[in-house]
Amino acid sequence: MVTRIASTGLAAVASVISLTLTGHGAARPLEWGSGPLTVDALPRVPYVAHRGGAREVPENSMSGLAAAYRRGTAQVLDFDTRVLRDGTPVVFHDATLNRTTFLGGAVSGLDAGEWRGVRLRPRDALPGSWRAERPPTVAEVLDRFGGRTVLMLEAKDPRGLGRLAALIRERGLTRSVFVNTNDPEVARRVHALGLLTQLWRSARQLRTDRPERWRPYVDLLDVDIRARDADLRRAVRSGIPRVWAHTIVTPAQRDRALALGCNGVITDAPGRVSGVRGR
């Protein structure tokens, strides 16, 4: 069931500045070369716009992802996925609509038709003006950005893995999309489906993890910047080729992660942390 949340000032939500992508001449993100936009083309230390860069744009929104892409301060766009009642994968972080939309209730209780009536509620603290837009489906994001940049999606509902895999394979994006999870067994399933596997771990989990065990099936280990130095070093020594730190919001956190051997930065504020002036 969906319940409507009363909100004052809805009429005051301003229209977003147009950030459409036009043609193949759109500006490429920071440090891209002229080769195909797959993980093999990533620079030595990539920057990831976490949820599109949630301190700079509305999280998990099409306009936010477009803004992060056009600003050129990150080479990877991250978003979260959930599955609707009818099996449609959509871009959304929470299990419920309450925090980021004008509605309430479980995401999994809606079908694709009902999803078209959902509207994101941009946070007042965000810079700029943003409209209340519908959260996109995963297919829409893959169609808009797939092949133009590397994507990172978290499978919040593992029951939707088969559908996600089909969407990625149909578009020829198996080398351009990381599929993220917190569960090593789900990561093993992602690998078995022929997809790029990302496993994220919290600071608490990293205290007892033995990440070298995951080396055969994890392409990217995503570690919590709040973890102890020793735990981050152990992750870096695991033999997993990519060890990227989340969720970084300051240059000091970035510098610590890189000094400890991490080779990627996952950030809510790519414009601030990458040190690159956005377009």
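The values are calculated or read from the model by the stated rules, or taken from the named source; none is laboratory data. All figures in this text were calculated on a predicted structure; none of them were measured in a lab. Positions of Cβ are generated from backbone atoms using ideal geometry, with glycine treated the same way; all protein chains shown enter the neighbour counts. Quick note on the areas: whole protein, heavy atoms, side chains included, nothing else; ligands and nucleic acids left out. Shrake-Rupley method; radii C 1.70, N 1.55, O 1.52, S 1.80 Å.
Scan 132, 165 and give me the residue that is surrounded by fewer than 22 Cβ atoms within 10 Å (Cβ to Cβ), in contact (Cβ under 8 Å) with a residue 12 or more places away in the chain and outside any helix (DSSP H, G or I).
Working: 165 fails: outside any helix (DSSP H, G or I).
Unique residue meeting the criteria: 132.
Can you tell me which residues in the range 205-247 are part of a helix (DSSP H, G or I) and at positive phi? Let's see the steps before the verdict.
Let us first name the residues in the range 205-247 that are part of a helix (DSSP H, G or I), namely 205-208, 211-214, 229-236.
Within the range 205-247, no residue meets the criteria.
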Every pair of residues 6+ apart whose Cβ atoms lie under 8 Å, when the first sits in the range 254-270 and is over 12 Å from residue 73 (Cβ atoms) and of a type in the set (S, T, N, Q) while the second is at pLDDT 95 or above and open to solvent by less than 10 Å² (accessible area, probe 1.4 Å): 263/243; 263/244
Does residue 274 fit the bill of being under 26 Å from residue 66 (Cα atoms), in contact (Cβ under 8 Å) with a residue 24 or more places away in the chain, surrounded by 14 or more Cβ atoms within 10 Å (Cβ to Cβ) and among the polar types (S, T, N, Q)? yes
Pick out the one residue from 86, 143, 124 that is without any contact (Cβ under 8 Å) to a residue 40 or more places away in the chain, open to solvent by 10 Å² or more (accessible area, probe 1.4 Å) and part of a helix (DSSP H, G or I). 143
Please identify the pairs in which a residue from the range 180-195 that is over 18 Å from residue 246 (Cβ atoms) and without any contact (Cβ under 8 Å) to a residue 40 or more places away in the chain has its Cβ atom under 6 Å from the Cβ atom of a residue that is surrounded by fewer than 17 Cβ atoms within 10 Å (Cβ to Cβ) and not β-branched (Val, Ile, Thr), counting only partners at least 6 apart or on another chain. 188/217; 191/217
With respect to the numbered conditions (1) within 23 Å of residue 148 (Cβ to Cβ); (2) open to solvent by 10 Å² or more (accessible area, probe 1.4 Å), which one is the sole condition not fulfilled by residue 252? (1)
